[in-house]
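Every number in this text was worked out from the coordinates using simple rules, so none of it is lab data. These numbers were taken from a predicted model, which means no experiment stands behind them. Glycine also receives a Cβ, built like all others from the backbone with ideal geometry; neighbour counts cover every protein chain displayed.
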Amino acid sequence: MCWVLHQVRAYGSNPLALYAVAACLVLISLVAECAMMPFFSAKVCAALFGFYIVLMTVRSFLAVEVHDAERAASILNNYNRGKTPGLPDKLRGVFWMSTNAAPELMASIEGSTWHPARRMVNMDSGAVYNWTYSADKVGWLYWFMLRVSYFFCSELHINFNEDLTEASMPLYICGFCPDRCPCDGCWMPMGMTWTMKQDANDENTWDRNIYLYCNPNQKWEFGSYKLVRIIDGNGNRLPGYADMVEQMTKTSADSEDPKTKLIYSKPLQQIMNGNDLKGNVFFSEGTQPAASSSTHPVQYGALRAETHLHSA
């Protein structure tokens, strides 16, 4: 029972995971209702919608990939590097959710759409090569829930202040318009407020704080975490990379409290959304963006002294 409660608390830090469940229940009811209507057009709409959900689900499973954490970081970097013109340098590269209890490990802001005039990043939820999820039972379920949110064009908008040191992070759904459209999506109440705040002494470290609506003046400690950049925009490994490598060697036996138990229980293998229908879960390796170096679990611990993916 305690394990279940801990997982629920971790899932609660991302309302999109819960939204996907609610959306599926509501939409299944609507589709069933339309299918039973005597109108031909309603039946056609129900059939088309059902076909879309089945198609996207099949595509998702055919494209999904699983890699160890280091290779996943390299793929995130190689696939997204240079794809967001004008994005500030400190937002490029790969970020590690170092103290996040949810079953997710890394993300790339680069690759999303940047609106310079609005100082806003439009990041698609559950999109190709922008996030990694724990490859265990909880992580697979979490991955699928967020992937369902992608079916309905859910987005995370990161709205920065003038000096790009703080940001609010509202969620939007049904963002069917192109990401560069200013009216893209409908705001989604989350039951909580997400923020980002840069560390005063380190531009590579951000506080990803969460405040619950029921207690807006106090940070939710369990859901909040540190976001650390581990690879910069040029592909160089930063000091946080070695810290991630070391943390991945820890187990729940090394934990001191329920939150670190979840963090240290994360598996080495990470789930990613691939960019084609030949993901390595169902197909052989070789279709993914090339990693900068071959990595294996046995190398963990010996890599702490390394600081670069490439020689400077």
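Computed from phi, the 3J(HN,Hα) profile of region 47-54 under the Karplus parametrisation 6.51, -1.76, 1.60 (θ = phi - 60°) reads 5, 5, 5, x, 4, 4, 5, 5 Hz, with x in place of Gly and Pro.
When the alpha-carbon atoms of region 160-261 are used, the pair Rg, Dmax equals 17.0, 48 angstrom. Full extension of the segment from LEU55 to LYS83, taken as 0.36 nm per residue of separation minus the current Cα-Cα distance, would add 7.3 nm.
Roughly speaking, what % of Cα-Cα pairs in region 140-211 are separated by over 15 Å, rounded to a whole number? The share of Cα pairs beyond 15 Å in region 140-211 comes to 63 percent. In plain terms, the residue of CYS214, CYS186 with the fewest other Cβ atoms within 10 Å comes first and the most crowded comes last, giving CYS214, CYS186. Computed from Cα atoms alone, the Kirkwood hydrodynamic radius reported for region 39-125 is 16.0 Å.
Note on region 201-258 and region 131-148: Cα centroid distance 19 Å, given to the nearest whole angstrom.
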